[in-house]
Amino acid sequence: VVKFMRLALYEPDIPHNLGAFIRLSAGLGVPLDVIEPCGFPVDDKRIRRAAMDYYDLATLVRHASWAAFRRDRPPGRLVLLTTTGAQRLPDATFRPDDILLLGRESAGVPPEVHAAADLRVRIPLQAGARSLNVALAASMVLSEALRQTSGFEKLA
Ligand SMILES: C[S@@+](CC[C@H](N)C(=O)[O-])C[C@H]1O[C@@H](n2cnc3c(N)ncnc32)[C@H](O)[C@@H]1O
């Protein structure tokens, strides 16, 4: 059985970030789950415009709510990226079917989502820096997770 890493976005606020995630998903062949509601109007036409020609290469699954995502998501650990994570990225061990969950730009995730995660990973930052852009945080962790799990091997 081939296992796939996934990215999941919790209620994103900023359309350009969603566009960046679609491009990341398309480029690396990593399916993307979008947990709605988003902080901007979402319809397939708008998503297509944000994603440009990357849309067709990306695998994007929309979920109406956190509850719907929890019901429908594939198996695999839920790995939350959070500035309050106990697990520092350089010490984290990933599995090939992990779902990397990103919080919303304005507020991260609520306590129930935090509690539902199997692992909470933090990218260490220098003193005084609060957080990274959500898409950049995702790409740092995704890169390390794919590297550890031979996820780059299917790519050219
Ligand atoms: C701009 S940050 C959220 C900031 C928000 N005010 C908070 O306190 O959570 C958006 C998302 O990017 C990810 N992120 C940003 N910096 C991170 C870091 N240093 N470690 C892990 N995830 C990070 C997290 O998923 C976070 O929910």
Inset, instruction - Rounded to whole Å and ordered largest first, report the semi-axes of the equivalent ellipsoid of the chain derived from its Cα gyration tensor (root of 5λ). - result: 21, 19, 16
Inset, instruction - Let me know the Rg and Dmax you get for region 59-128 when you use only its Cα atoms, in Å. - result: 12.8, 39
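Using a Förster distance of 25 angstrom, determine the FRET efficiency expected from the C-beta separation of LEU89 and ASP118, and round it to 0.05.
Numbers: r = 16 Å, r/R0 = 0.63.
Efficiency, from the Cβ-Cβ distance: 0.95.
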Legend entry - Euclidean distance between Cα centres, region 115-133 to region 14-35, Å: 20 Å
Inset, instruction - First select every other residue whose beta carbon is under 13 angstrom from the beta carbon of ASN133; then total the charges, Lys and Arg +1, Asp and Glu -1. - result: 0
Inset, instruction - Let me know the longest stretch in the chain that avoids all trypsin sites (Lys or Arg not before Pro) found in a DSSP loop with at most 16 other C-beta atoms within 10 Å. - result: 4-76
Inset, instruction - Starting from the amide H of VAL61, placed 1.01 Å from N in the peptide plane, find each other amide H under 5 Å away whose residue is 5 or more places distant or on another chain. - result: LEU32, ASP33, VAL34
Legend entry - Helical mean residue ellipticity (222 nm; -39500 (n - 2.57) per DSSP H run of 4+; nearest 500) of the chain: -9500 deg cm²/dmol
Inset, instruction - In nm, give the distance between the simple-model label positions of VAL61 and ALA127, each being 7 Å from the Cα along the Cα-to-Cβ direction. - result: 4.4 nm
Inset, instruction - Convert each backbone phi in region 98-111 into a coupling constant with the Karplus relation 6.51 cos²θ - 1.76 cosθ + 1.60 (shift: θ = phi - 60°), then list the ³J(HN,Hα) values in order as whole Hz, x for Gly and Pro. - result: 5, 9, 8, 9, 10, x, 7, 4, 7, 9, x, 10, x, x
Inset, instruction - Give a residue-ordered list of calculated ³J(HN,Hα) values for region 63-69 (Karplus: 6.51 cos²θ - 1.76 cosθ + 1.60, θ = phi - 60°; whole Hz; x for Gly, Pro). - result: 10, 5, 7, 4, 4, 5, 4
Inset, instruction - Could you work out the local net charge near ALA107, counting Lys and Arg as +1, Asp and Glu as -1, over the other residues with Cβ closer than 12 Å to its Cβ? - result: -2
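Hey, got the dipole for the chain? About the Cα centre, +1 on K and R Cβ, -1 on D and E Cβ, debye to the nearest 20?
Values: 20 positive and 17 negative charges, 24 e Å.
My answer is approximately 120 debye.
Every read-out reported here was derived from the displayed coordinates using simple, explicitly stated rules and does not represent laboratory data. Because the structure is predicted, anything quoted here is derived from the model rather than measured. Neighbour counts are summed over all protein chains in view; Cβ atoms, including those assigned to glycine, are modelled from backbone coordinates with ideal geometry.
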